[in-house]
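Data first, discussion second: the structure below is written as structure tokens.
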Amino acid sequence: MMRKDLGRVALLAALFFCVVTKPDAFAQSEYPTRPIRVIVGYAAGGLTDVMTRMLGERMSRELGQPIVVENKVGAAASLAATFVVQSPPDGYTVLMGTTSLAINPSLQPSLTPRNPMAELDPIGLAYETPFVLLTSKNIPARSFAEFLAYAKEKPGQLNVASSGNGAVNHLILEMVSRRAGVQLMHIPYKGAAPAIIDILAGRLDATFATPLDAVPVSEQGAGQILAVTSNKRVALLPNVPPVAETLPGVQGVFWQALFVPKGTPEPIITKLANALRIATEDAQLRSKVAERGVTMMTGGPEELRAFLKSETDDWGKLIREAGIKVE
């Protein structure tokens, strides 16, 4: 090829690079240029929805664009996750993922995404909510150890509710039963509210409830809060000890974290992760959510990747060993 032709090839290659490559690079550097959607797998007005909006408001200040929450409820939060997996990897559709991403692969393998880490890119950890053991006023135990002793005296006679088969509080109940060697009768409810109603009426012995649901019952004198399922005490209930103080290693929380479709460019992931980190470290926001029994989590993409693997392994092992199935 002659020198003149080589020059033309080089010129064409440069023009191609400018036309094709530069716009993408420009779009990533300028991201975001329009509102960002965060998809939530739970109903509007619930804790997940409220927390996502609070985080979104703080993140939007860093990103310079509104964050709009969309609720896509159903199939154990799988509808929301699948919607995000199938969305363009451009940073404008984000998933508020939950513990269901770690539970569903073992509990309901027919649901998508079957392998979240192969179909989603992690952004970062957001927050966690523990459960507390709330007993009715008819139960004489005044500590978690006393509750276990009472349960051993009445094998299979104490009714303990969860918000449904395979829910986090059901899995915690199974973990407690197996580690403590007690027989507790699991009663799956459709959500937390009906269980709280039956605790108040004395028709139910106990439930693993969120602190926000349990505190009003305790304040009314209609029940006792005996333990919290996180590995440390929570600000809302400073005098309530963790389950792990009696049963070492037993803990479980409902957590939330942000994900984007697989293949989202690294510069976009970095911007979202930085905005999330600033939001979760915001002292005012941390104080505000602590009033709801919520604790902010911090950690970027790599921390979330390792955390999800650990959660998936741990919950999967329990589900298999206990033979837990969704009926």
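Numbers at a glance
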{"item": "Relative contact order of the chain, defined on C-alpha pairs under 8 angstrom at six or more residues apart (%)", "result": "25 percent"}
{"item": "Packing-based order for 308-314, 288-294, using average beta carbon neighbours within 10 Å, highest first", "result": "288-294, 308-314"}
{"item": "Whole-Hz ³J(HN,Hα) from phi, Karplus 6.51 cos²θ - 1.76 cosθ + 1.60, for region 197-211, glycine and proline x", "result": "4, 6, 5, 4, 7, x, 8, 9, 7, 6, 7, 8, 10, 6, x"}
{"item": "The chain - charge dipole about Cα centre, Lys and Arg +1 at Cβ, Asp and Glu -1, debye rounded to 20", "result": "360 debye"}
{"item": "Whole-Hz ³J(HN,Hα) from phi, Karplus 6.51 cos²θ - 1.76 cosθ + 1.60, for region 162-168, glycine and proline x", "result": "10, 8, x, 4, x, 5, 4"}
{"item": "Net charge over other residues, Cβ less than 11 angstrom from the Cβ of VAL69 (K, R count +1; D, E count -1)", "result": "0"}
{"item": "For region 132-245, size of Cβ-based charge dipole, Lys and Arg +1, Asp and Glu -1, in debye", "result": "140 debye"}
{"item": "Antiparallel content of DSSP bridges confined to region 132-245, in %, to 5", "result": "60 percent"}
{"item": "Computed [θ] at 222 nm, helices only, for the chain once each DSSP H run of length n ≥ 4 contributes -39500 (n - 2.57)", "result": "-13500 deg cm²/dmol"}
{"item": "For region 264-272, 3J(HN,Hα) per residue [Karplus equation, 6.51 cos²θ - 1.76 cosθ + 1.60, θ = phi - 60°, Hz, x = Gly/Pro]", "result": "5, x, 4, x, 6, 4, 4, 5, 5"}
{"item": "For percent of Cα pairs over 27 Å apart, calculated from these coordinates, the label among (i) 61; (ii) 76; (iii) 48", "result": "(iii)"}
{"item": "Net +/- balance of residues flanking THR264 in space, Cβ distance below 9 Å, scoring K and R +1, D and E -1", "result": "-2"}
{"item": "Bridge type composition, the chain - antiparallel percent by DSSP, nearest 5", "result": "60 percent"}
{"item": "Ordering of 266-273, 49-56, 203-210 by burial proxy (mean other Cβ atoms within 10 Å per residue, highest first)", "result": "203-210, 49-56, 266-273"}
{"item": "Dipole of region 132-245, positive direction: furthest Cα of ALA145, ALA161, ALA209, with charges on the beta-carbon", "result": "ALA145"}
{"item": "Relative contact order, percent, region 132-245 [alpha-carbon distance under 8 Å, six or more residues apart]", "result": "36 percent"}
{"item": "Most to least packed among 165-174, 33-42, 237-246 [average Cβ atoms within 10 Å]", "result": "165-174, 33-42, 237-246"}
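A short reminder: the numbers here are calculations on the coordinates, not readings from a lab. Since the structure is predicted, the reported quantities are computational estimates derived from the model, not experimental observations. Neighbour counts are summed over all protein chains in view; Cβ atoms, including those assigned to glycine, are modelled from backbone coordinates with ideal geometry.
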